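As structure tokens, the structure follows; a few thoughts come after it.
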Amino acid sequence: MGTILLLSGPNLNLLGDRQPEVYGHATLDACVAAARAAAEAAGHDLEHVRSNHEGELVDALHAARGRCVAVVVNPGALTHYSYSLADALAAFDGVSVELHLSNPSAREEWRRLSVVAPYVTGTVAGFGSEGYRLAVEAAVSCLG
């Protein structure tokens, strides 16, 4: 059917170790495996790119244009200030889902602003590691 790009931003490589009371005990590998299983169950491939570097995520989004049917992005802290990521999402012509393990709206005030939110189809937040599966399922449902 098509390829879904999963982007994981800064510090997500520390999942399972970093603040488990906020982000849970699941590792990024486990989250990606759940996302991949959801994509494959719907007949799609899943490609994963993880980086602590904003430009690498922007480059991956540019490379996804015309090639991927959907993007799921957990931008981490880039959510709150990365206008370059927001612009890259605005230039993507498929379904896009913003993903957060925690619920940014229930956390510190500075986390409540998402500069990428205006450029995505929807947001999945606050469901912990289950959010990876849910975000892929949401993207697939929007593909019709």
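Translational diffusion of the chain was estimated from the Stokes-Einstein equation, with Rh taken as the Kirkwood radius over Cα pairs; at 4 °C and 1.567 mPa s the coefficient is 88 µm²/s. Amide hydrogen proximity for L99: with H placed 1.01 Å from N in the peptide plane, the residues at 5 or more positions away or on another chain lying under 5 Å are V73, N74, V124. Of the residues L28, G94, G122, the one whose Cα sits farthest towards the positive end of the charge dipole of the chain is G122 (charges of +1 on Lys and Arg Cβ, -1 on Asp and Glu Cβ, taken about the Cα centre).
In a fully extended conformation the segment linking N103 and D17 would gain 29.1 nm over its present Cα-Cα distance, using 0.36 nm per residue.
Divide the volume of the convex hull around the Cα atoms of the stretch 22-97 by the residue count and you get 99 Å³ per residue.
Peptide packing for 32-45, 130-143 was compared via the average number of neighbouring C-beta atoms within 10 Å per residue; ordered from the highest value, the list is 130-143, 32-45.
Coordinate-derived values only; no laboratory data. Just so we're clear, the structure is a prediction, and the values are computed from it rather than from any experiment. In this analysis, Cβ positions are derived from the backbone assuming ideal geometry, glycine residues included, and neighbour counts consider all displayed protein chains.
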